[in-house]
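Undergrad: Here you go, one structure.
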Amino acid sequence: MFPHATFTRRRGRPVVALALVGALLCGWPASPASAQKESARPAGPLRIESLSTPAGMVSGGDVLIRVAAPGRSALDRVRVTHNGLDVTDLFRADQGRRELVGLVTGLAPGHNLIAASTRTTHRGQARLTVTNHPITGPVVSGPHQQPYVCATTRFALVDGTSLGPALDADCSAATRVDYAYRSTAGTIKPLPDPTVVPADLARTTTTTGVEVPFLIRIETGTINRAIYQISMLHDPARPEPTLWQRSEGWNGRLIYTFGGGCRAGWYVQGAGTGGVLDPEMLGRGYAVASSSLNVFGNNCNDLVAAESTMMVKEHFIERYGPPRFTIGWGASGGAYQGHQIADNYPGLLDGIIVGQSFPDVTSATNFTLLDARLLDRYFDERAPGRYTDEQRRRISGFAVANSIPNLSEGAARLDPAAEFSSTVPQALRYHPVDNPGGARGDVYDHTVNVYGRDPATGFARRPLDNVGVQYGLAALNAGVITTADFLDLNANIGGLDIDANHTPARTVADLAATRAAYRTGRILSGGAGLASTAIIDYRAYSDAAPNGDIHMLVHGFATRARLVAANGDADNHVMLMEDSRYSGFSLYSPVLRSALTSMDTWLTRVTSDRSGRSPRHKVRSHKPVGLGDACWTPESPQRRIDQTLSADNRGECGRLFPAFSTPRLVAGAPLADDVVKCQLKAIDVSDYGVAFTPAQRDQLREIFPDGVCDWSVAGVEQQPLAGPWLALH
């Protein structure tokens, strides 16, 4: 069992309070079938547990309960109560598995006691306290963000209609079911009358070998203030799928999709999900689920995204039954979610297929965007014409110099007034002069529940820093720029203030926010749930795009470096790469289609292993033979090259698809790129590959009066994750 952590706040500072509180509020470890069970300590022959979600994190008034009765206990003599009321009739017995399973409904807000005992005696009674939260949330993410703009009237259903006006301030909508089908021409079409079989209806054979008509059932509703959708193959002429009677077209597995983006991802419900109508996924028989708060273009907050995933999956299990396993699927901002949800809330995702990946929102990406913004301003305003394009490129580390202005623009996510969804009224938006009390649109204020507020400003604290960073260091040592260039660059690079305005001084991280970023998993650890998650990282290579691209290969290696640092190896991490002919992350790519097949094989083997070996051992040992790092040549037909991919660009794959650097790595930061604020050390001119004049040495010490970054040691406040399954209260 895992510890359950809560977070309290004192005087605006986030304080991590980690406490073992027994089984009632412990973590949610994955079972062999990934049923995500929450067990109470048995007091005799019976054992009772939650199958649908951790017992302390139930939502919506119902919970799927399992009562195990090992040994000689007669199942027909087991009595189950909810707050003293007999609910045994809600349970079905499985003599072979020696258990009863039932959906307990009508939970009261807050704590509820589920108890099981034999009818002849109360001795050996098992008890489980479940804590019920509103279906609108929150459960783990802390107080709801305000303002919040509903999207129910703009959310397009498969038939072109919408969910209509929201029913309340939480943007709720009535749950509905629609049908669609895949035509013989390959298109998805609405099915307005489920009783009429279309003449152009296609058929498909699922991974379980069942041939069914390509009819798609789509459930749409609202959970956690998000719009969710669940789709699966189902013939409307047959009885509705239920917890007890599964659809013939469902292969028993679930794919949860995550949408990308981040910029302007705040204060909105969002009018789209990560997508639930992919014909390849559905055609294989997968159920597909997502929600609008699992699209980072709507919600760039991985904690809220994890909460939404947890609540939607809970609903799925209570409505359709536990899937054998769940695959997380998403690129870019979707990859953030896959990594962080798998690591911080183990059991929600058993495997992830990510594309165009980054480790997390808070570290590598934001560091790179900050540095690009500062370099762009320096080159254009302070030193126009001083550097060639190649020198600018080498200082940045990027593949092309045009990445600098491109990523500088992406730094808008650090600016509280720069970008909002067009649906957020202007009167609600922050402006430092016109509306200083308005909603601030940046990644830090969007995560203020974690970071806390600066009591002096009321704004979110920031884990963002560049004190001691020696920009262009590798370019200096390589002789690409002169010592004079290096000194001018670092003397004038500056930083960004709380409103993302340039300042002559460097940016200084708030230490409480920095500590919280590490302790709560806003900076990916890789050593919690991700250690036992099957990971396939696919990349459509775009580093050398003419205008640059934020989706750099080096970020995938940063994730791998963190896995190695946390676990000793990255044997559960596979990297696949090809050119960008399939536009990023599309199942039109044969490589991605094969990756989905391999992931299914991998997780099927893992979930078939009923041994007592650790989850990490199972994931490592059951990786399919032939599934390993590889790249595919750009020509047609493509040729597969099997080799370990690495940041030092070894082998043919390294030649075809070279990884480039970032400004922070050029300055000496580790490949993991997880240091918010570096420890400082005194300047030692022997550390440089060039000579400084006495006057330049004095200038160097003036630029860095407190010293320069010592990347050989952990950063300031860098520390392990406090534990999985953390909740803000």
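The values are calculated or read from the model by the stated rules, or taken from the named source; none is laboratory data. The structure displayed is predicted, hence computed values, not measured ones. Glycine also receives a Cβ, built like all others from the backbone with ideal geometry; neighbour counts cover every protein chain displayed. Note: accessible area is taken over every heavy atom of the protein model, side chains too, but ligands, DNA and RNA are not part of it. Shrake-Rupley method; radii C 1.70, N 1.55, O 1.52, S 1.80 Å.
Undergrad: State which residue is nearest to Phe704 (Cα to Cα) when the search covers only the range 485-512 and only residues that are small (Gly, Ala, Ser) and over 33 Å from the mean Cα position of the chain (by Cα).
TA: The first filter runs over the range 485-512 and keeps only residues small (Gly, Ala, Ser), leaving 491, 494-495, 500, 505, 509, 512.
With the extra rule that they be over 33 Å from the mean Cα position of the chain (by Cα), the set shrinks to 491, 505.
Working: Ala491: 9, Ala505: 11 Å.
Result: Ala491.
Undergrad: How many residues, within the range 380-403, are in contact with a Pro (Cβ under 9 Å, 6 or more places away or on another chain) and either in a helix (DSSP H, G or I) or at pLDDT below 95 (or both)? Spell out the reasoning first.
TA: Of the range 380-403, the ones in contact with a Pro (Cβ under 9 Å, 6 or more places away or on another chain) are 380, 395-400, 402.
Now narrow it down to the ones that are either in a helix (DSSP H, G or I) or at pLDDT below 95 (or both): 380, 395-396.
Of the residues in the range 380-403, 3 are in contact with a Pro (Cβ under 9 Å, 6 or more places away or on another chain) and either in a helix (DSSP H, G or I) or at pLDDT below 95 (or both).
Undergrad: Ser247 - would you say it is touching a strand residue (DSSP E or B) at 6+ places or on another chain (Cβ under 9 Å), in a loop (DSSP other than H, G, I, E, B) and crowded, with 20+ Cβ neighbours inside 10 Å? Reasoning before the result, please.
TA: Details: touching a strand residue (DSSP E or B) at 6+ places or on another chain (Cβ under 9 Å): yes; in a loop (DSSP other than H, G, I, E, B): yes; crowded, with 20+ Cβ neighbours inside 10 Å: yes.
For Ser247, the condition - touching a strand residue (DSSP E or B) at 6+ places or on another chain (Cβ under 9 Å), in a loop (DSSP other than H, G, I, E, B) and crowded, with 20+ Cβ neighbours inside 10 Å - is met.
Undergrad: So how many residues does the range 690-726 have that are farther than 16 Å from Asn490 by Cβ, small (Gly, Ala, Ser) and either out of contact with any Phe, Trp or Tyr (no Cβ under 7 Å at 6 or more places or on another chain) or free of Cβ contacts under 8 Å to residues at least 12 places away in the same chain (or both)?
TA: So the count comes out to 5.
Undergrad: Restricting to the range 54-97, what's the tally of residues that are touching a His at 6+ places or on another chain (Cβ under 8 Å) and outside any loop (DSSP other than H, G, I, E, B)?
TA: 4
Undergrad: May I ask you to list the residues in the range 407-418 that are of a type outside the set (A, V, I, L, M, F, W, C) and open to solvent by less than 40 Å² (accessible area, probe 1.4 Å)? Working first, answer last.
TA: So the first thing to find is which residues in the range 407-418 are of a type outside the set (A, V, I, L, M, F, W, C), and the list is 408-410, 413, 415-416.
Ser408, Gly410, Arg413, Asp415, Pro416, listed by residue number.
Undergrad: Against the conditions (1) in contact with a Pro (Cβ under 8 Å, 6 or more places away or on another chain); (2) closer than 14 Å to Phe367 by Cα, where does Phe459 fall short? Just the number, please.
TA: For Phe459, the exception is condition (2).
Undergrad: Within the set of pairs 6 or more residues apart or between chains, which connect a residue that is of a type in the set (S, T, N, Q) inside the range 219-238 to a residue that is in a strand (DSSP E or B) and open to solvent by 10 Å² or more (accessible area, probe 1.4 Å) with Cβ atoms less than 6 Å apart?
TA: These pairs meet every condition: Thr220/Arg176; Thr220/Gln229.
Undergrad: Another one. Go over the candidates Ser583, Ser525, Ser532, Ser598 one by one and state the one that is polar (S, T, N, Q) and on the phi > 0 side of the Ramachandran plot. Steps first, please.
TA: Working: Ser525 fails: on the phi > 0 side of the Ramachandran plot; Ser532 fails: on the phi > 0 side of the Ramachandran plot; Ser598 fails: on the phi > 0 side of the Ramachandran plot.
Within the list Ser583, Ser525, Ser532, Ser598, the selection yields Ser583.
Undergrad: Got at least one residue in the range 99-117 being over 13 Å from Val58 (Cβ atoms) and open to solvent by 60 Å² or more (accessible area, probe 1.4 Å)? Spell out the reasoning first.
TA: Filtering the range 99-117 down to residues over 13 Å from Val58 (Cβ atoms) leaves 99-102, 115-117.
Adding the requirement that they be open to solvent by 60 Å² or more (accessible area, probe 1.4 Å) leaves none.
Looking through the range 99-117, none of the residues is over 13 Å from Val58 (Cβ atoms) and open to solvent by 60 Å² or more (accessible area, probe 1.4 Å).
Undergrad: Are there helices (runs of 4 or more DSSP H) fully within the range 448-528 with at least 3 residues that are open to solvent by 10 Å² or more (accessible area, probe 1.4 Å)? List them.
TA: Details: elements: 448-451, 473-477, 483-492, 511-519.
By residue number, 473-477, 483-492, 511-519.
Undergrad: Read through the list (1) open to solvent by 10 Å² or more (accessible area, probe 1.4 Å); (2) assigned to a helix (DSSP H, G or I); (3) out of contact with any strand residue (DSSP E or B) (no Cβ under 8 Å at 6 or more places or on another chain), then give the number of the only condition that Leu369 fails.
TA: For Leu369, the exception is condition (1).
Undergrad: Can you report the number of residues in the range 627-647 which are assigned to a loop (DSSP other than H, G, I, E, B) and open to solvent by less than 60 Å² (accessible area, probe 1.4 Å)? Talk me through it step by step, then tell me what you get.
TA: Residues of the range 627-647 assigned to a loop (DSSP other than H, G, I, E, B): 627-629, 633-639, 643-647.
With open to solvent by less than 60 Å² (accessible area, probe 1.4 Å) added as a condition, the list becomes 627-629, 633-634, 638, 643, 645-647.
Residues meeting the conditions: 10.
Undergrad: For the range 648-667, give me each residue that is within 23 Å of Asp371 (Cβ to Cβ), open to solvent by less than 40 Å² (accessible area, probe 1.4 Å) and in a loop (DSSP other than H, G, I, E, B). Write out each step before concluding.
TA: Looking only at the range 648-667, we keep the residues that are within 23 Å of Asp371 (Cβ to Cβ), and these are 648-649, 658-667.
Still in the list and also open to solvent by less than 40 Å² (accessible area, probe 1.4 Å): 658-659, 661-667.
Hits for the range 648-667 are Pro658, Ala659, Ser661, Thr662, Ala667.
Undergrad: Consider only pairs whose beta carbons are under 8 Å apart and that are at least six residues apart or on different chains; among these, list those whose first residue lies in the range 636-658 and is over 11 Å from Met577 (Cβ atoms) and whose second residue is open to solvent by 50 Å² or more (accessible area, probe 1.4 Å) and among the charged types (D, E, K, R).
TA: Thr644/Arg650; Asn649/Arg655
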